[in-house]
Amino acid sequence: MPFSLIAKNLFKHPLRALLTAASLAVALFLLCVLRSLVVALDVGVRNAAANRLIVQSSTSLFVYLPEAYEAKLASIEGVQNVCKWNWFGGYYQDPKNFFAQFATDPEALLAMYPEIEIVSGSREEFLKERQACLLGEGTAEKYGFKVGDNFPLIGALFQRTDGEPWSFKVAAIYRSKKSSVDNNTLFFNYEYLHKTIDAGQAGGPQGVGIFVLELAPGADRVQVASAVDALFEGGPQRTQTATEAEFNAQFVSMIGNVPLFVTSIGGGVMIAILLATLNTMLMAAREQTRDVGVLKALGFSDGSVFGLLLSQSLLLCIAGGGAGIALAVLSGPGMAIKLGTMFPGYEVTKGTIMQAAILTIAIGFFAGITPALRARGMSVISALRSNA
Amino acid sequence: MALVPISYNLRSLFVRRSATLLTVLGIGATVAVVSGVLALEQGFSTLFTDSGRDDVAIFLRQGATNEGDSSFTRERAEILMKTLPEIASDSAGQRLVSAECYLAVRRNKVSGAGETNVPVRGVQPPTFLVYGDDIRIGAGRNFTPGTDEVIVGRKLVDRVEHCELGDTITFNTTPFRVVGIFDNAGPFASEIWGDRDRLSEALERPVFNRIVARLVPGTEIGFTPTWASTDGKEHLDGLSARLDKDVQVPCRVMTERQYLTGQTQALSTVLKILGSFLALVMGVAAVFTATNTMLAALAARTSEIGILTSLGFRPLAIFSSFMLEALLLGLCGGIVGCLFALPLNGVRTGTMNFQTFTEVAFAFRLTPHVLIRAVGFSLVLGLLGGAWPALRAAAMSPTRAMRRE
């Protein structure tokens, strides 16, 4: 069966072919985006580091641990390094300008997170200066902050008694080499926060949000985790020590039914597009009934007539679906920036592309098979007699 | 002007029934997905907005948008509760005001499906006077003030571990006993309540989170939140303006309904954006399908259109006839879509309230409002899908049409 015949039949109604291909493109684009959102949800789980443990309160996300825990944690066997993380919860000028900020120990942070790569500015200044901060590339770009700039953050959780915003200086800008750390976070010195509160110049929760532990090479993480939790069993605050993956997974689990919800939407989209393609192929097949009779009368086999109709469907779907997938891939980096704070790991992965491609071919197959089977089984006489 | 009879369209849809069916189902799937998202948004916001009372006032720290962020020291709370003249009293002379403490605690879900954050609220006896009939003990009894007992909201019972009557819940190192299950139409049904001072000690929360009160009838709170004001800014008037500038205890005050509606804004916005995005993208695909179907109908009936025009039907009549047919397709699709989505009605689900990181259980609600919007959407799809084929039909010349050119 010559390819030109397939193409000619397909584009006999250019508008119809175009509309169907465009619907397919739109649907496949949407499916890729939805799939990427689900993938983005647990990117933090998949890319978590195996040698880091998180110590948090077993009571609540919002309960702080005593600072005195730091020294006790450092003395546990198998713990190589301890780093404090405190959620700061500030915003730049307007609550809408939100990005994550953490008060932390600069030296331990840089030692424990090799994926944080400083791309400009000075590491020394970040370690040394009190108001210095290390800013993610994404946030720096978004607000146009450069190394050496000073900028204010309004503390919603930690309010200064004088009512003024907190002041920060960009000491360095980082890029993350792995998605276990995103590109939008601000890190600053825990001492800045702590000393300001101690001096009575600011109010807010006392203590440490979480401690991150780095395991010594060869240390058993289950053993260390149970040692930590056993140490604080009697209070004052019980702890729950988890691997980085488990810690990230708890946030995914809190979001609840979102993956199921998104999958149902995807199912609806698929049904709609399958019906649309089937509709087009049935119309095309009906118009080609007489051609089928002619082909058969000329001696073309049932199989080649079957192939003629099925390949039209497949070709149409590959063209449309391919365009949709390409659109999703091309728009990926742009979408990732737009969704930065909510879905930091948005990426159209190879797996997503593969799934979408398989789906495209499946739609083409199912939409083409019915008319193709009908054409194959049709007798020459009845095909020629048809009046479409 | 003579119109083409509607029976002509009905017959035409019936003759081409496989194409009609596929189009209707395609539009139906689109409408079903969009109304599912709308029903989710509706269920979530109804739970919050409809259960909020206009006669209960909520006091928060300045700058706080939710009770998790808000805090009052004991002294400040006492001053406000004792001195504010607008606070109402009941017939026994009891002031209808109470300071609550609040914390989202980590709990395991029953299904073994991981953890969730459950709000724990420490309350005092006057709290029950403030909320009145909204809180009803459905099983067991209320907790005894001053003891380590709690009551649990109905929606938690089969979702979260240790929430059955008689169970023990441990907060940090202190065990509490579940002595009652309470019912509430709003988000309280997903919370655990107990004695404020016992909970605040067990959880080491020395400060209170918010103050709730019934106000003297006729008090004007005068708070206009950003989402309800025309210029997108917050406006203060009456009591709220006075308390904003108060020297001793500056604070924010709003009605419970305003507070709860404010809590849903983030998730509602996300769902509305998602709904619109899906409606747009899937709508485009559905319009293309409808156009294809109508173009095929047009091609099959070219000679008939020639006959109609030569009989004296005006192009406008032909145009309306085709539009009507497309609208019928859309309408059927809309109805089918609503039927697809209908089983969702009442299905319970849970999601995280992004503002407080807590889980809220609620049900999908396919209200008449949602259904009307869904059908309206399907009509728009039909209208857009039919426009181009209808224009082409109307522009045909009788002779050429009859010759099927």
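For this structure, a couple of remarks:
- Seen through its C-alpha gyration tensor, with square-root eigenvalues sorted a ≥ b ≥ c, chain B comes out prolate because a/c lies at 1.5 or above while a/b is bigger than b/c.
- Amide hydrogen proximity for B:Cys251: with H placed 1.01 Å from N in the peptide plane, the residues at 5 or more positions away or on another chain lying under 5 Å are B:Asp244, B:Asp246.
- Using a Gaussian network model of chain A in which every pair of alpha carbons under 10 angstrom is joined by a spring, one finds that among A:Ala68, A:Ala202, A:Ala111 the greatest mean-square fluctuation is at A:Ala68.
- Between the amide H of B:Asp167 and those of B:Val178, distances stay under 5 Å, these residues lying 5 or more places away or on another chain, with hydrogens modeled in the peptide plane.
- Buried on complex formation within region A:249-284 (loss of at least 50 square angstrom of accessible surface versus the isolated chain, 1.4 Å probe, ligands and nucleic acids ignored): A:Ser253, A:Met254, A:Phe261, A:Ile265, A:Leu275, A:Asn279, A:Met283.
- Of the trypsin sites (Lys or Arg not before Pro) found in region B:297-405, those that fall in a DSSP loop while having at most 13 other beta-carbon atoms within 10 Å are B:Arg403, B:Arg404.
- For B:276-288, mean number of other protein chain Cβ atoms within 10 Å: 5
- For chain A, a crude dipole built from +1 on the beta carbon of Lys and Arg and -1 on the beta carbon of Asp and Glu, taken about the Cα centre, is about 2400 debye to the nearest 20.
- Between B:Ser397 and A:Asn150, the modelled label-to-label distance comes to 8.0 nm, taking each label 7 Å out from Cα in the direction of the beta carbon.
- Nearest-ten-degree value, helix A:258-287 long axis tilted from longest Cα axis of chain A: 20 degrees
- Ranked order, B:Phe357, B:Phe223, B:Phe288 - accessible area, probe 1.4 Å, largest first: B:Phe357, B:Phe288, B:Phe223
- Max mean-square fluctuation residue, GNM over chain B, Cα-Cα springs under 10 Å, options B:Asn172, B:Asn292, B:Asn209: B:Asn172
- 3J(HN,Hα) along region A:289-304, derived from phi through the Karplus expression 6.51 cos²θ - 1.76 cosθ + 1.60 where θ = phi - 60°, amounts to 4, 5, 4, 4, x, 4, 4, 5, 4, 6, x, 5, 6, 4, x, 6 Hz, with x in place of Gly and Pro.
- Residues in region B:44-91 occluded by at least 20 Å² - accessible area, probe radius 1.4 Å, against chain by itself: B:Arg61, B:Asp69
- A full extension of the chain between A:Thr370 and A:Lys350 corresponds to an added length of 4.1 nm, given 0.36 nm per residue minus the alpha carbon distance.
- Among the trypsin sites (Lys or Arg not before Pro) in region A:1-97, those located in a DSSP loop and surrounded by at most 15 other Cβ atoms within 10 Å of their own Cβ are A:Lys12, A:Lys96.
- Seen against the Cα atoms of chain A and their longest principal axis, helix A:14-41 is set at about 30 degrees.
- Looking at region A:170-244, the trypsin sites (Lys or Arg not before Pro) that sit in a DSSP loop and have at most 16 other Cβ atoms within 10 Å of their own Cβ are A:Lys177, A:Lys178.
- Cα→Cβ-extended label distance, 7 Å offset, between A:Val222 and A:Asp198, nm: 4.1 nm
- A Förster radius of 41 Å, combined with the Cβ-Cβ distance separating B:Glu164 from A:Ala357, puts the computed FRET efficiency at roughly 0.25.
- With DNA, RNA and ligands ignored, accessible area of B:His369 (1.4 Å probe; Å², nearest 10): 100 Å²
- If R0 is 41 Å, the Cβ-Cβ spacing of B:Glu234 and B:Arg136 corresponds to a FRET efficiency of close to 0.75.
- Protein heavy-atom surface of the protein assembly as shown, 1.4 angstrom probe: 61% of the accessible area is carbon and sulfur, with nucleic acids and ligands not counted.
- For region B:56-214, the relative contact order works out to 34 percent when only alpha carbon pairs closer than 8 Å and six or more residues apart are counted.
- For the set B:Leu21, B:Leu371, solvent exposure ranked by accessible area (probe 1.4 Å, protein chains only) runs largest to smallest as B:Leu21, B:Leu371.
- Selection from B:Val152, B:Thr127, B:Val110 lying farthest towards where the dipole of region B:56-214 points positive, charges on Cβ: B:Thr127
- A probe of 1.4 angstrom, applied to the heavy atoms of all protein chains, finds B:Asp167 with accessible area near 40 square angstrom.
- Accessible surface, the protein assembly as shown, averaged per residue in Å² (probe 1.4 Å): 43 Å²
- Available extension along the chain between A:Leu15 and A:Ile76 is 14.8 nm, counting 0.36 nm per residue and deducting the alpha carbon span.
- Top of A:Ser179, A:Ser122, A:Ser313 by mean-square fluctuation, Gaussian network on chain A, Cα under 10 Å: A:Ser122
- Simple spin-label estimate for A:Lys142 and A:Thr263 gives 3.0 nm between the two label positions (7 Å along the Cα-to-Cβ direction from each Cα).
The values are calculated or read from the model by the stated rules, or taken from the named source; none is laboratory data. All values derive from a computational prediction rather than experimental measurement. Every residue, glycine among them, receives a Cβ derived from its backbone with ideal geometry; neighbour counts consider all protein chains shown. Just the protein is used for accessible areas: all its heavy atoms, side chains included, with ligands, DNA and RNA removed. Shrake-Rupley method; radii C 1.70, N 1.55, O 1.52, S 1.80 Å.
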